[in-house]
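The values are calculated or read from the model by the stated rules, or taken from the named source; none is laboratory data. All of these numbers come straight from a predicted model, not from anything done at the bench. Cβ placement follows ideal geometry from the backbone for every residue including glycine, while neighbour counts extend to all protein chains displayed. Accessible surface is based on the protein model in full, side chains and every heavy atom, while ligands, DNA and RNA are left aside. Shrake-Rupley method; radii C 1.70, N 1.55, O 1.52, S 1.80 Å.
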Amino acid sequence: RFYTQLYSLVTLPSLGGANRATFALELDLFLSSAGLPAYVSAAFAKRLGRLALLAPPPAAALACGLAYNLLLRQPAARALIHRPAADADAAAAEDPYVAAEAEPRDCRAFDSCLWEVDTLRSHFCPSVSSLAALFARPFTQSTPPVELAPLAALSADSLIRVETQRKLKRAPIATAPAEPPPRHAKLWVP
């Protein structure tokens with residue numbers, strides 16, 4: 001009954017509201033239990049992934065961090081990310097997950113895959129896409145969890161500040177470099 005109530009509290013306002021730091025840290029604590037059933041872990045991971053798609057970047061980053069930590073602690077729920085989905089659009093159309101279901105047992109999250117993470121890898125905010133890219137790395141005993149306190153403290157202003165101060169590895173160019181003509185081509189000379 002407790003996890004059903006907690007599941008109903010995981011919403012966009014709770015991840016983006018004024019008390020989101022406290023909510024995120026307590027949610028992470030409650031989901032860290034080793035005795036948590038796999039279907040409950042899968043339901044929370046799936047709901048957090050779905051909310052990350054709909055949330056503004058600070059809340060999406062927090063949802064990704066929470067889902068990553070959950071999957072890191074609950075090996076049985078990792079089946080969601082290892083289950084193949086041929087195409088993210090096709091997976092979204094055929095997803096058996098019932099988002100409107102209030103009961104984690106009945107939402108069919110364990111029958112689904114976490115296609116939301118694949119979509120978030122191409123998120124417009126580099127902080128969110130780099131967090132989503134963590135799911136593609138192997139989970140090992142030495143893999144550290146994501147620190148949630150800095151993610152909970154993020155705001156739109158702080159994200160903009162971080163991204164504008166970030167050094168680019170490669171500067172984008174507006175035009176493609178000119179290609180030399182093929183050697184066998186005849187050059188027209190007037």
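Below, the figures for the structure above:
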item	result
Residue match in segment 74-96 (condition: in contact with a Ser or Thr (Cβ under 6 Å, 6 or more places away or on another chain) and touching a residue at least 60 places away in the same chain (Cβ under 8 Å))	no
Matching residues, segment 58-79, being over 15 Å from residue 147 (Cα atoms) and surrounded by fewer than 24 Cβ atoms within 10 Å (Cβ to Cβ)	74, 75, 76, 78, 79
Candidate set from segment 23-56 (those that are in contact (Cβ under 8 Å) with a residue 60 or more places away in the chain and under 17 Å from residue 148 (Cα atoms)); member that is farthest from the chain's Cα centre (by Cα)	25
Subset tally (residues that are over 14 Å from residue 67 (Cβ atoms) and assigned to a loop (DSSP other than H, G, I, E, B)) for segment 146-159	4
Identity of the residue in segment 7-55, assigned to a loop (DSSP other than H, G, I, E, B) and of a type in the set (Val, Ile, Thr), that ends up surrounded by the fewest Cβ atoms within 10 Å (Cβ to Cβ)	11
Residues located in segment 146-165, provided they are open to solvent by 40 Å² or more (accessible area, probe 1.4 Å) and more than 15 Å from the chain's Cα centre (by Cα)	149, 150, 153, 155, 156, 157, 160, 161, 162, 163, 164, 165
Residue that is of a type in the set (Gly, Ala, Ser) and modelled with pLDDT under 90, where the choices are 132, 153	153
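Matching residues to (1) open to solvent by less than 20 Å² (accessible area, probe 1.4 Å); (2) in a loop (DSSP other than H, G, I, E, B); (3) under 19 Å from residue 7 (Cα atoms):
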residue	(1), (2), (3)
96	no, yes, yes
99	no, yes, yes
113	yes, yes, yes
118	no, no, no
140	no, yes, no
144	no, yes, no
